[in-house]
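J.: Sending over a structure as structure tokens; questions will come in a sec.
The values are calculated or read from the model by the stated rules, or taken from the named source; none is laboratory data. These figures come from a predicted structure and were not determined experimentally. Counting neighbours? That spans all protein chains shown, and the Cβs are built from the backbone with ideal geometry, glycine included. Ligands, DNA and RNA are excluded from the accessible area calculation, which covers all protein heavy atoms including side chains. Shrake-Rupley method; radii C 1.70, N 1.55, O 1.52, S 1.80 Å.
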Amino acid sequence: MPCTFHLDDPLRELGPGCQFGIPEDELIKLNGEMWCEFHFPLKGVKAKWNEAQIKVFNEKIFGFIDKASNDGKTADLSGVVFPGSISFNRYADKSNDLPGVRFFGAMFNGDARFDGVTFGGDAGFEGATFGGDAGFEGTTFGGDAGFDETTFSGAAAFHGVTFRGIAWFREATFGGIAWFHGATFAGLAWFHAATFSSVAGFGGATFSGDAAFHGATFSDIAQFHGATFGGDAGFEGAMFSDDANFSGSSSPPGDSFLRITFAGTNFNGQARFTNRHFLESTDFGGGLFKKAPEFHNCTLHQDTNFDGRQFEDHSGEAVRAYRTLKLAMEKVRSWTEQARFFAYEQQSLRAQPDTPRWVKLFSRLYEVTANYGQSCMRPVAGFAGTFAVFFLVYLAFKTKVPITWADIGDVARFGLQQVFRPFQAFSPSHKDSIPLILALLAALHSVLNLSFLTLFILALRRRFKIG
């Protein structure tokens with residue numbers, strides 16, 4: 001009976017079974033199944049191995065790798081269960097001495113160190129589990145690096161790593177800190193639906209190709225400050241539960257984005273994009289900014305989209321953030337967005353304790369009557385509602401009972417007079433026919449009519465103005 005291990009993968013040259021060829025008399029029995037020492041689960045006797053036994057096991061792994069390297073083959077370590085910590089640093093000083101390696105579904109039950117190692121071929125860690133810390137500091141991946149559906153239970157250190165091929169981290173789970181500071185991604189960096197439970201550090205990283213973080217989840221701080229994006233960057237549907245820092249460096253190339261999209265992305269913490277130049281189309285459509293985003297000292301592209309984006313922060317601290325966005329939209333002649341951020345700025349100003357009460361009052365009135373110049377229909381509705389109210393007031397001055405249709409017509413004409421001939425009630429011709437109280441009410445009606453008309457014209461002009 002061969003080793004029970006089975007893994008269906010089209011990339012495996014030896015088929016789905018065990019690759020080590022251990023004789024049956026050397027297999028270990030567990031619950032009616034036979035296992036080689038490499039695939040044996042971390043149970044029973046293997047779980048009790050001491051450091052000396054673990055060291056012997058690791059030496060066998062190195063011997064397997066060296067033989068594959070000498071034969072010019074890929075070292076297939078798929079499904080291996082490592083009983084303790086292991087360091088591959090012996091390969092750190094020999095360029096391309098570590099061949100293509102497959103750790104598909106492997107389980108590292110202690111720390112795994114690959115610091116400074118150079119992978120001459122593809123490196124596959126798909127479905128692997130790192131129970132301790134994973135160290136890849138200064139590592140070079142000469143081919144593609146596959147970490148799809150990999151689980152990092154401890155810290156994952158990728159400081160200064162160089163990915164010369166495609167870096168696959170689709171649906172990877174980072175339970176501890178994920179450090180990619182200063183990492184270089186020469187090809188596609190694919191983090192689709194990856195989960196970062198702790199701090200995700202990509203500060204100063206270089207993405208020469210496209211960077212895909214679609215649907216990624218960042219439960220802690222996400223650091224992309226000073227990161228360089230040479231290709232398209234996609235964060236569609238990503239979730240940032242804490243602060244997200246995308247601030248640029250003080251000088252190029254770390255101060256610019258090419259085409260980048262945050263469509264449907266939710267930022268529940270502070271989002272910072274300071275000192276960045278958006279050189280191509282930028283999409284912030286949909287999604288949420290829980291706190292006012294910071295775009296200070298930014299240059300936004302004309303094709304910048306905020307359609308459907310929710311901005312929930314109207315606190316006093318958000319004033320400068322919205323003022324910056326208002327000025328940025330003015331520069332690209334996006335009047336609708338400019339009006340939107342002007343409204344947010346005014347709402348935030350009302351929340352500041354040192355704002356005068358009369359300013360807060362008129363700000364509130366401007367919001368109710370015209371949504372800070374964004375609505376043409378609110379002034380129209382206000383105009384119509386005012387006319388209806390004063391129509392009833394004027395009708396109350398009719399003392400003759402019953403009131404006829406002719407009386408209603410007279411009242412309507414009088415109300416329309418305050419629209420088309422304001423303050424006519426104070427003309428000498430009406431001195432004796434209109435009581436003073438009625439004239440004062442008509443004057444108030446005229447003032448309100450002129451106010452709504454002004455608001456309507458301003459909103460119409462803002463919506464259709466050219467420059």
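J.: Show the residue pairs meeting these rules: Cβ distance below 8 Å; 6+ apart or different chains; first residue within the stretch 315-332 and without any contact (Cβ under 8 Å) to a residue 60 or more places away in the chain and at negative phi; second residue in a helix (DSSP H, G or I) and among the aliphatic types (A, V, I, L, M).
T.: Partner pairs satisfying both residue conditions: GLY316/LEU349; VAL319/LEU349.
J.: Could you list, in sequence order, the residues of the stretch 2-17 that are open to solvent by 40 Å² or more (accessible area, probe 1.4 Å) and either at positive phi or in contact with a Pro (Cβ under 6 Å, 6 or more places away or on another chain) (or both)?
T.: Within the stretch 2-17, HIS6, LEU7, ASP8 meet the criteria.
J.: Let me ask something else. Read through the list (1) surrounded by fewer than 22 Cβ atoms within 10 Å (Cβ to Cβ); (2) farther than 20 Å from PHE174 by Cα; (3) touching a Gly at 6+ places or on another chain (Cβ under 6 Å), then give the number of the only condition that GLY237 fails.
T.: Going through (1) surrounded by fewer than 22 Cβ atoms within 10 Å (Cβ to Cβ); (2) farther than 20 Å from PHE174 by Cα; (3) touching a Gly at 6+ places or on another chain (Cβ under 6 Å) one by one, GLY237 breaks only (2).
J.: Taking the stretch 170-189, which residues are within 18 Å of the chain's Cα centre (by Cα), assigned to a strand (DSSP E or B) and crowded, with 24+ Cβ neighbours inside 10 Å?
T.: Scanning the stretch 170-189 gives PHE174, ALA178, ALA189.
J.: Those residues that are of a type in the set (Gly, Ala, Ser) and farther than 9 Å from PHE180 by Cβ, I need them from the stretch 205-214; list them, please.
T.: Let us first name the residues in the stretch 205-214 that are of a type in the set (Gly, Ala, Ser), namely 205, 208-209, 211-212.
Passing the criteria: SER208, GLY209, ALA211, ALA212.
For every residue, the table says whether it meets (1) open to solvent by less than 50 Å² (accessible area, probe 1.4 Å); (2) at pLDDT 95 or above; (3) more than 18 Å from THR274 (Cα to Cα).
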site: GLY287; (1), (2), (3): yes, no, yes
site: LYS290; (1), (2), (3): no, yes, no
site: LEU300; (1), (2), (3): yes, no, no
site: GLU317; (1), (2), (3): no, no, no
site: ARG323; (1), (2), (3): no, yes, no
site: ALA328; (1), (2), (3): yes, no, no
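J.: Okay, next question. Check the stretch 79-93 and report whether any residue there is in a loop (DSSP other than H, G, I, E, B), loosely packed, with under 14 Cβ neighbours inside 10 Å and at pLDDT below 95. It would help to see each step written out before you state the result.
T.: Residues of the stretch 79-93 that are in a loop (DSSP other than H, G, I, E, B), as a first pass: 79-80, 83-85, 88, 92-93.
Filter again for loosely packed, with under 14 Cβ neighbours inside 10 Å, leaving 93.
From what is left, the residues that are at pLDDT below 95 are 93.
Looking through the stretch 79-93, at least one residue is in a loop (DSSP other than H, G, I, E, B), loosely packed, with under 14 Cβ neighbours inside 10 Å and at pLDDT below 95.
J.: Which residue, of ALA439, ALA370, ALA459, is at pLDDT below 80 and open to solvent by less than 30 Å² (accessible area, probe 1.4 Å)?
T.: Result: ALA439 is the single residue among ALA439, ALA370, ALA459 that is at pLDDT below 80 and open to solvent by less than 30 Å² (accessible area, probe 1.4 Å).
J.: Here's another thing I want to ask about it. Looking at the stretch 107-137 only, could you name the residues that are in contact (Cβ under 8 Å) with a residue 24 or more places away in the chain and small (Gly, Ala, Ser)? Break it down stepwise before answering.
T.: Step one: filter the stretch 107-137 for residues in contact (Cβ under 8 Å) with a residue 24 or more places away in the chain, giving 107-122, 124-126, 128-137.
Answer for the stretch 107-137, where residues must be in contact (Cβ under 8 Å) with a residue 24 or more places away in the chain and small (Gly, Ala, Ser): GLY110, ALA112, GLY116, GLY120, GLY121, GLY124, ALA128, GLY131, GLY132, ALA134, GLY135.
J.: Taking the stretch 271-280 as the region of interest, how many residues are touching a residue at least 24 places away in the same chain (Cβ under 8 Å) and open to solvent by 20 Å² or more (accessible area, probe 1.4 Å)?
T.: 4
J.: Of GLY21, GLY72, which residue is over 19 Å from GLU126 (Cα atoms), without any contact (Cβ under 8 Å) to a residue 12 or more places away in the chain and in a loop (DSSP other than H, G, I, E, B)? If you could, list the steps in order and put the result at the bottom.
T.: Numbers: GLY72 fails: without any contact (Cβ under 8 Å) to a residue 12 or more places away in the chain.
Residue meeting the stated conditions: GLY21.
J.: Right, here's the next one. Within the stretch 1-43, can you find the residues that are under 18 Å from GLY110 (Cβ atoms) and not basic (Lys, Arg)? Step through it out loud before you land on a result.
T.: Within the stretch 1-43, the first condition is being under 18 Å from GLY110 (Cβ atoms), and the residues that meet it are 37-43.
Across the stretch 1-43, the qualifying residues are GLU37, PHE38, HIS39, PHE40, PRO41, LEU42.
J.: Also, quick follow-up: When PHE104 is evaluated against the numbered criteria (1) open to solvent by 40 Å² or more (accessible area, probe 1.4 Å); (2) touching a residue at least 60 places away in the same chain (Cβ under 8 Å), which criterion, by number, is the only one it fails?
T.: Every condition holds for PHE104 apart from (1).
J.: Here is a follow-up. Answer yes or no as to whether GLU317 is touching a helix residue (DSSP H, G or I) at 6+ places or on another chain (Cβ under 6 Å) and part of a helix (DSSP H, G or I).
T.: On the way: touching a helix residue (DSSP H, G or I) at 6+ places or on another chain (Cβ under 6 Å): no; part of a helix (DSSP H, G or I): yes.
Taking the combined requirement at face value, the residue does not satisfy it.
J.: Any chance the stretch 196-205 includes a residue that's assigned to a strand (DSSP E or B), modelled with pLDDT of 95 or more and out of contact with any Ser or Thr (no Cβ under 7 Å at 6 or more places or on another chain)?
T.: So the first thing to find is which residues in the stretch 196-205 are assigned to a strand (DSSP E or B), and the list is 196, 200-201.
Adding the requirement that they be modelled with pLDDT of 95 or more leaves 196, 200-201.
After this cut, where a residue has to be out of contact with any Ser or Thr (no Cβ under 7 Å at 6 or more places or on another chain) as well, the list is 200-201.
Yes: one or more hits.
J.: If you take the residues of the stretch 37-61 that are open to solvent by less than 10 Å² (accessible area, probe 1.4 Å) and assigned to a helix (DSSP H, G or I), which of them is modelled with the lowest pLDDT? Walk me through it before giving the result.
T.: Applying the first criterion (open to solvent by less than 10 Å² (accessible area, probe 1.4 Å)) to the stretch 37-61 yields 39-40, 46, 57, 61.
In the following step, the residues that additionally are assigned to a helix (DSSP H, G or I) were identified as 46, 57, 61.
On the way: LYS46: 86, PHE57: 95, ILE61: 95.
That would be LYS46.
J.: Provide a single number: the residues in the stretch 117-155 that are open to solvent by 10 Å² or more (accessible area, probe 1.4 Å), modelled with pLDDT of 95 or more and not in a loop (DSSP other than H, G, I, E, B).
T.: 2
J.: Can you name every residue in the stretch 109-145 that is of a type in the set (D, E, K, R) and either over 23 Å from LYS55 (Cβ atoms) or under 29 Å from the mean Cα position of the chain (by Cα) (or both)?
T.: Keep residues of the stretch 109-145 that are of a type in the set (D, E, K, R), which gives 111, 113, 115, 122, 126, 133, 137, 144.
Of everything in the stretch 109-145, those that are of a type in the set (D, E, K, R) and either over 23 Å from LYS55 (Cβ atoms) or under 29 Å from the mean Cα position of the chain (by Cα) (or both) turn out to be ASP122, GLU126, ASP133, GLU137, ASP144.
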